[in-house]
Each structure stands twice: as C-alpha cells, then as structure tokens.
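Data first, discussion second: the structure below is written as structure tokens.
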Amino acid sequence: MKLLFISTEKGWHGGEEQLRLLVSGAAAAGHECRVATREGSIVADRLGSNGATVLKLPRAIRGPRSIWRLRRAVQKFRPDVIHANDPHGLSLQRTATWGLSVPARICSRRVLFPIYGTRKYRAGCDRMVCVSHAIAAVCRKSRIPDEMLAVVHDGADPARVRAGDGRRGRASLGLPADVPLVLCVAQLAQYKGHRYLLDAIPAVLAKDPRAILALAGDGPLREELSTQCRALGIDGVVRFLGYRDDVPDLIRACDVFALASPEEGLGTSVLDATFAGRPVVAADAGGIPEMLRDGAGRPCGWLVAPRDPAALAQGINEALATPDERARRVALAQEWAAAEFTAATMVGRMLEVYADVLG
C-alpha cells in the first residue's frame, strides 16, 4: 500500500511517538510511507532522521500554501490511504483533497473530550481509529456512527524501555538504591492530574519519610505545581526534571510509577513502566483500566478513584509495602501488555483497518 500520514503538531507527545512507530512498522512491512508535516517541526526532524520520507508543509499549516502543496503531493503520490494523526490534520486533508479520489481516509482519535460538530468526521474520513474503548464510547455518545469506529490500542516498544539502566537513572538524580522513588512521566498539563499526585505525597511521606517524587516532563503548569509543593511543605522531596531523553533509565530506577490523570485517553507511559517491570498506580479513568486489568478482569496494577489524593496515596503505599503482591501484579501486567499493547501489535491492527476500508 501507499500510505500518506498527516501531522500538524509542532511538539512531540504520545501521539507523535505512535506515528513514528506506525510509520516505521508499516515501512518494515513493505508499504511505501510518506509523512506530511510542518517544516522545522520536531515531527519533521525526528521522522526524517528516522528514515521516513517527509513532505514539509509551510509553518502556517492551515494556510492556502499548505493546502495547495498537500493537494499536489496527493495528486503525484496517489496514496491508497491518507491517515490524519490529529484533528487539524483531518481538516487539512479534507480541504486539500476536495474532489480527488482517495480510496481510504483514516483519522486518529486520542482524547476523551466529546466531539461538538461531527460533520468534519462524517464527511472527511471513512474510519475513525480510537486508541481505547473509552474514547470509542465518547465518540458514540457524540453521534459518530458505530460503523465508522475502530479501536486500535496504542503500543509501546518493549526493547526501548528494557534498554534502560536503573543505576544510571538513580545516579542522574543523586539517589541511593534504598530511597523509595515514585516517578510520573507526563506533560505538566491540567488533564494529567499532577495536583492530585502532589496532594497525595504527604500521606506517602507519613509512611516513609525518605520517599522522593520525580516528575519527568515539562508544560504550562510548572510554576503552579511548584507553588503547590511549597504550600504543602514538600518542595524538598519533589524533583521537577523537565524534558528528559533518559526516560527508560528513570523508569527502570523507580520503585512505583504513578499516573493521576482523571481524563486519559490511554496513557502509554503506563506501558513503558509495565514493560520495565515496574508497578503502576493510576486513576481508574478513561482508557487506563484497559491496560491495568487483563482480559480476565484481574488487576495488573493499582487502580484508584480519580481526583482522590487519599486513594492515590493508599495505592502508592500498598505498592511500596507489599513486595509479593507487587510482583504478582507486575507479572500479570507484563503478560497482558505483551499480548495487547506492543508496537508491533498496534501496527498490525492498523494495517488491518486500512485493508478493511480498502476492501
């Protein structure tokens, strides 16, 4: 198949990492792939350095020059599938291909927010691929026809995180091996729920005053969260790490991985922690339970009530204090993730969606 992917994002988050895995996997399977994205964006640089053929669109990606350049590329390349990786990409695809014959038009949906105005999706794509069943349920409530929906879970590369070095990660933080380390890897944004995690830390310290919380990631709430730490008197035990390129080392270094997001479409950082053999404590919200309960409904981690710092603290304390139960849940999580959430599984299922639409 000839596959054309569209990404309009400037930065690099979970959706862009999934695009990288998808393009790489589809190319390895023998399909011809091209990616249309902003000139000078992180997406263009990283996918280009990864060997992908990149069509660079103007930085003003919603303008007429982008539309015209994409339209000419479609006419020349004649893709079997155009896959918009984000909502703005779908709008661009819809405008640029007006009147052209495109055999299969796909868009990805990664967020739990309701869709207000479904016409863009009904008219602009043949299949909406949701990264969790929770997102698909929201789309149905937004009156997206069921026959337009498909669920393909995001995937992670087990080898990437298993290549991490826990000792190196602790050394980078200046922590000895016996200090309990709770780690969260997430953008410092409202929907990630960091404020609930910070509110939980005093109760964690009450059980073990040596505990440290490390927050890997940056974002608009950095100053607000720092102020909250000072108000709680925990600024000495919370480390704001900012953007890190050694996340596998940090995950291998932690004792518990925590994610407090009350509105998470899926949350692939949970998968990284799982493949690294680390216990996960997370909010029972959105698509997170799809990773932390296996096909038989058994707990693969600690799911706690969303927006509830006390429940979050209890989960973290239990994970730290119960090594046998921790090992049992980690083993179940790894078995479930290997069956359902690898990058290879994601790529294979996405290619099946393309073939189904083309068929």
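The values are calculated or read from the model by the stated rules, or taken from the named source; none is laboratory data. None of the values given here were measured: they were computed from a predicted structure. Virtual Cβ from ideal backbone geometry, glycine too; neighbours counted across all protein chains shown. Just the protein is used for accessible areas: all its heavy atoms, side chains included, with ligands, DNA and RNA removed. Shrake-Rupley method; radii C 1.70, N 1.55, O 1.52, S 1.80 Å.
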Handout entry: Under Karplus coefficients 6.51, -1.76 and 1.60, residue-wise ³J(HN,Hα) of segment 301-312 in Hz, glycine/proline x
Key = x, 10, 9, 10, 4, x, 6, 10, x, 5, 5, 5
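Short version: what are the Cα gyration tensor semi-axes of segment 247-359, square root of 5 times each eigenvalue, largest first, in whole Å?
Numbers: eigenvalues 144, 48, 32 Å².
Value: 27, 16, 13 Å, ordered largest first.
With a cut-off of 8 Å between alpha carbons and a minimum separation of six or more residues, what is the relative contact order of segment 19-155 in percent? Intermediate results must be reported in sequence, preceding the final value.
Values: 185 pairs, mean separation 20.7, N = 137.
Relative contact order for segment 19-155 comes out at 15 percent.
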Problem - Per-residue ³J(HN,Hα) for segment 34-40, Karplus 6.51 cos²θ - 1.76 cosθ + 1.60, θ = phi - 60°, Hz, x for Gly and Pro - result: 9, 10, 9, 7, 5, 5, x
Completion exercise
Options [x] 85, 44, 35; [y] 65, 42, 37; [z] 62, 53, 39 for Cα extents along the principal axes in Å; the value derived from the coordinates is listed as [y]
Fill in the blank from the handout: Among Ile61, Met1, Ile42, the residue whose Cα sits farthest towards the positive end of the charge dipole of segment 1-67 (+1 at Cβ of Lys and Arg, -1 at Cβ of Asp and Glu, taken about the Cα centre) is Ile61
Practice task
Sum up the charges of everything whose Cβ sits under 15 Å from the Cβ of Ala159, counting Lys and Arg as +1 and Asp and Glu as -1, but leave Ala159 out.
Solution key: -1
Exercise for the section: Return the lysines within reach of Lys2: Cα separation strictly under 20 angstrom, same-chain partners fewer than 8 residues apart disregarded; answer none if there are no such residues. Expected result: Lys56, Lys76
Exercise for the section: Please express the Cα-Cα pair-distance distribution P(r) of segment 134-266 as a list of whole percents, one per 10 Å bin, running from 0 to the bin with the greatest distance. Expected result: 11, 36, 30, 15, 7, 1
Practice task
Using only Cα atoms, locate the centre of segment 314-347 and the centre of segment 223-297, then give the distance between them in Å, rounded to an integer.
Solution key: 13
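Got a number for carbon plus sulfur as a percent of segment 151-263's accessible area, 1.4 Å probe? Before the final figure, lay out each step's value.
On the way: 2380 of 4730 Å².
That fraction is 50 percent.
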Handout entry: Residue among Gly233, Val247, Val179 farthest towards the positive dipole end of the chain, charges placed on Cβ
Key = Val247
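Where nothing but the Cβ of Lys and Arg (+1) and of Asp and Glu (-1) is charged, how large is the charge dipole of segment 119-275 around its Cα centre, in debye to the nearest 20?
On the way: 21 positive and 20 negative charges, 64 e Å.
Around 300 debye, computed over segment 119-275.
Rounded to the nearest 20 Debye, what is the dipole magnitude of the chain about its Cα centre when Lys and Arg each give +1 and Asp and Glu each give -1 at the C-beta?
Details: 48 positive and 39 negative charges, 326 e Å.
Result for the chain is approximately 1560 debye, rounded to the nearest 20.
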Problem - Of every Cα-Cα pair in segment 22-99, the percent that sits beyond 17 Å - result: 43
Handout entry: Solvent-accessible surface ranking, highest first, for Met291, Met1 at 1.4 angstrom
Key = Met1, Met291
Exercise for the section: Order these peptides, 253-263, 55-65, 124-134, 339-349, by their mean beta-carbon neighbour count within 10 angstrom, highest first. Expected result: 253-263, 124-134, 339-349, 55-65
Exercise for the section: Enter the Cα centre distance for the pair segment 1-71 and segment 105-165, rounded to the nearest angstrom. Expected result: 18
Problem - MRE, 222 nm, helices only [DSSP H, n ≥ 4, -39500 (n - 2.57), over the chain, to nearest 500] - result: -13500 deg cm²/dmol
